[in-house]
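**Student:** There's a structure below that I have some questions on.
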Amino acid sequence: MRVKKYIVDSMPDALQKIRNDLGKDAVILNTKEIRIGGFLGFFSKKKIEVIAATDTGSPLSTAKTKPIIRNEANIGHSQLAATTILNQISSVAVLEEPLPYVPDVIFANAPTPPVIKETPMAKDETTILAELRQMKDMMNKLSSRSQILVEERHPVLIELEDQLLSQEVDPNLIQQTLFRIQEELEASNEEMNRENAYAIAKKHLLQTIKSDIPKNIGLDTKVVHFVGPTGVGKTTTIAKLAAEQVLKHHRKVGFITSDTYRIAAVEQLKTYATILNIPLEVVFSPQDLNKAFQQLHDRDVIFMDTAGRNFRNEMYVSELHALIQNKGKSETFLVLSLTTKYKDMKVITDNFSKFNLDKVLFTKLDETDSYGAIVNLLNDFPLQLSYVTNGQNVPDDISAADENTIIGLIMGATSDE
């Protein structure tokens, strides 16, 4: 076998030289793009390094092939020759690049590489090269749509990405937003600046969380269920919403609680019920619900507080499912704390989704400066944003969520703006 390396400007040049030197039966072992010349890395020229080989018994040899005489001398010489050839291949091709790399210049400057040797192996190589070319095209398209390369990004986009990452917005959603900015500005032929880039990003994120469904509890809603994990502030939130219904909408409200597991939970809700003059029913099992609803039959709306329990325990989740019953029109609110990691928040929402959740309510807005979880959750689940709470005061520290304010905070505005 003869192995030879060529430094050429293009693949057609390499093919011509290989045919002339090694004959038509030669095969290409490896190709790669290199740079030659220049000064201190500048003004270098782009070249292609091609390594080709041919069997020593190829028609290129003008002498007739002689029979090999099997003796120890010839065997030793053959082993030495084989070792030399293997060392050449290893030093030039195998060790440097275990898997052949096909440079873009091959596809850009030349058609599909012609098959030098019409053998089944050569046909397989042609098929592989064609598939590689298709994969490169596909990856280039995906890359241009899903990720903006760092070296090509405008400083404004880098700044915006850093801001959204600091707010813990999902990276995939960030890349979608950055692509939308580039797409819209290219379509309008506008030069990118901080003002128009942030405006497009805000519009895109607003579309993710905004909905025409009313955030408040419907005036025709009969039963409102509140579900969620422990420690998110469900009971206090229920008291705030009950006060809103009594004081603002003048509705007759009733309480049902099944949270008999947590110490003083019933007493806490009973205190709020006394202050607001609201009747309270305590249930210990699903069988107690019918009696509780009968006791509260004259109420305009009934708020049902459920035990937080461990959302990862399927038995507790199933038990809660049995407690949620529809007596007329109902709404189910998932209560989540913004101090919860989004990874856990996503698992919680997924587990509680079997209750046919309608709306999500976020608590403890005042205890964090990271709000990206709101956008992430509404992007991942078909929920309606409802209320946010920002303190412990009843009934003041609760309001219908304002999407513009939330996106403003995510984009870097302060709470005073």
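**Student:** Once you list every other residue whose beta carbon is under 13 Å from the beta carbon of Asp21, what net charge do they have if Lys and Arg are +1 and Asp and Glu are -1? Provide the component values of the computation, followed by the final result.
**Tutor:** Values: positive: Arg2, Lys4, Lys5, Lys17, Arg19, Lys24; negative: Asp13, Asp25.
My count for the surroundings of Asp21 gives +4.
**Student:** Can I ask one more? Estimate the FRET efficiency between Asn356 and Ala130 by the formula 1/(1 + (r/R0)^6), using the beta-carbon distance for r and 41 Å for R0, to the nearest 0.05.
**Tutor:** Values: r = 51 Å, r/R0 = 1.23.
About 0.20, to the nearest 0.05.
**Student:** Moving on. Would you rank Arg194, Arg153 by solvent-accessible area, highest first, keeping every protein chain in place and using a 1.4 Å probe?
**Tutor:** Solvent-accessible surface, decreasing: Arg194, Arg153.
**Student:** Amide H neighbours of Glu281 under 5 Å, counting only residues 5+ apart in sequence or on other chains, H built in-plane at 1.01 Å?
**Tutor:** Those lying under 5 Å, H to H, from Glu281 are Phe255, Ile256, Thr257.
**Student:** If a/c stays under 1.5 just call it rounded; otherwise compare a/b with b/c (prolate if a/b is bigger, oblate if not). Do that for the stretch 196-305, with a ≥ b ≥ c from the square roots of the Cα gyration tensor eigenvalues.
**Tutor:** Values: a/c = 2.41, a/b = 1.90, b/c = 1.27.
It is prolate, given that a/c is not under 1.5 and a/b is the larger ratio.
**Student:** Okay, next question. Over the heavy atoms of Phe284, what accessible area does a 1.4 Å probe trace out, to the nearest 10 Å²?
**Tutor:** Spelled out: Phe284, probe radius 1.4 Å, area about 150 Å².
**Student:** At a probe radius of 1.4 Å, what is the per-residue accessible area of Asp344, in Å² to the nearest 10?
**Tutor:** In the full protein context, Asp344 sits at about 40 Å².
**Student:** Rounded to whole Hz and in sequence order, give me ³J(HN,Hα) for the stretch 334-341 from the Karplus expression 6.51 cos²θ - 1.76 cosθ + 1.60, θ = phi - 60°, writing x for Gly and Pro.
**Tutor:** Running phi through 6.51 cos²θ - 1.76 cosθ + 1.60 with θ = phi - 60° gives 8, 9, 10, 9, 6, 8, 7, 4 Hz.
**Student:** Calculate one ³J(HN,Hα) per residue across the stretch 157-171 by plugging θ = phi - 60° into the Karplus curve 6.51 cos²θ - 1.76 cosθ + 1.60, and present them in order as whole Hz with x for glycine and proline.
**Tutor:** Values per residue, Gly and Pro as x: 5, 5, 4, 5, 4, 4, 5, 5, 5, 5, 8, 6, 6, 4, x Hz.
**Student:** Something else about it: Gain in length, Glu267 to Asn216, computed as 0.36 nm per residue apart minus the alpha-carbon separation, to one decimal in nm? List each step's numbers first, then the result.
**Tutor:** On the way: separation 51, 0.36 × 51 = 18.36 nm, distance 2.69 nm.
Value of the extension gain: 15.7 nm.
**Student:** At 0.36 nm per residue, and after removing the present C-alpha to C-alpha distance, how many nm does the segment from Thr368 to Leu206 gain when stretched out fully? Write down the numbers at each step before the final one.
**Tutor:** Values: separation 162, 0.36 × 162 = 58.32 nm, distance 2.07 nm.
That works out to 56.3 nm of additional length.
**Student:** A further question follows. Starting at the first residue of the stretch 376-392, write each ³J(HN,Hα) from the Karplus equation 6.51 cos²θ - 1.76 cosθ + 1.60 with θ = phi - 60°, in whole Hz, x for Gly and Pro.
**Tutor:** Coupling constants for the stretch 376-392: 4, 5, 6, 7, 8, 10, x, 10, 9, 5, 10, 10, 9, 10, 9, x, 9 Hz.
**Student:** Right, here's the next one. Met135: accessible area at probe 1.4 Å, nearest 10 Å²?
**Tutor:** 110 Å²
**Student:** Net charge near Val394: determine it from the other residues with C-beta under 12 Å of the C-beta of Val394, scoring Lys and Arg +1 and Asp and Glu -1.
**Tutor:** Working: positive: Lys240; negative: Glu244, Asp396, Asp397.
Taking every Cβ under 12 Å from that of Val394, the sum is -2.
**Student:** While we're on this one: Hey, can you grab everything whose amide H is under 5 Å from the amide H of Asn30? Only 5+ residues off in sequence or another chain; H modelled, so Pro and N-termini drop out.
**Tutor:** Ile51
**Student:** Fully extended, how many nm does the chain gain between Asn379 and Asp55 (0.36 nm per residue separation, minus their Cα-Cα distance)?
**Tutor:** Numbers: separation 324, 0.36 × 324 = 116.64 nm, distance 6.11 nm.
Result: 110.5 nm gained on full extension.
**Student:** Pairs Lys4/Lys32; Lys203/Lys248; Lys234/Lys346: which are spaced more than 23 Å apart, C-alpha to C-alpha?
**Tutor:** Numbers: Lys4/Lys32 14 Å; Lys203/Lys248 33 Å; Lys234/Lys346 18 Å.
Lys203/Lys248, as the Cα separations exceed 23 Å there.
**Student:** Where only protein heavy atoms count, and the probe is 1.4 Å, what is the accessible area per residue for the stretch 327-392 in Å²? Walk me through the numbers on the way to the answer.
**Tutor:** Details: 2540 Å² over 66 residues.
Value for the stretch 327-392: 38 Å² per residue.
**Student:** So if we plug the beta-carbon distance of Arg35 and Asn196 into 1/(1 + (r/R0)^6) with R0 = 41 Å, what FRET efficiency do we get, rounded to 0.05?
**Tutor:** Values: r = 39 Å, r/R0 = 0.96.
The value I calculate is 0.55.
The values are calculated or read from the model by the stated rules, or taken from the named source; none is laboratory data. Because the structure is a prediction, the values reported are computed rather than measured. We place every Cβ from the backbone using ideal geometry, glycine too, and count neighbours over all the protein chains shown. The accessibility values were calculated without ligands, DNA or RNA, using every heavy atom of the protein model including side chains. Shrake-Rupley method; radii C 1.70, N 1.55, O 1.52, S 1.80 Å.
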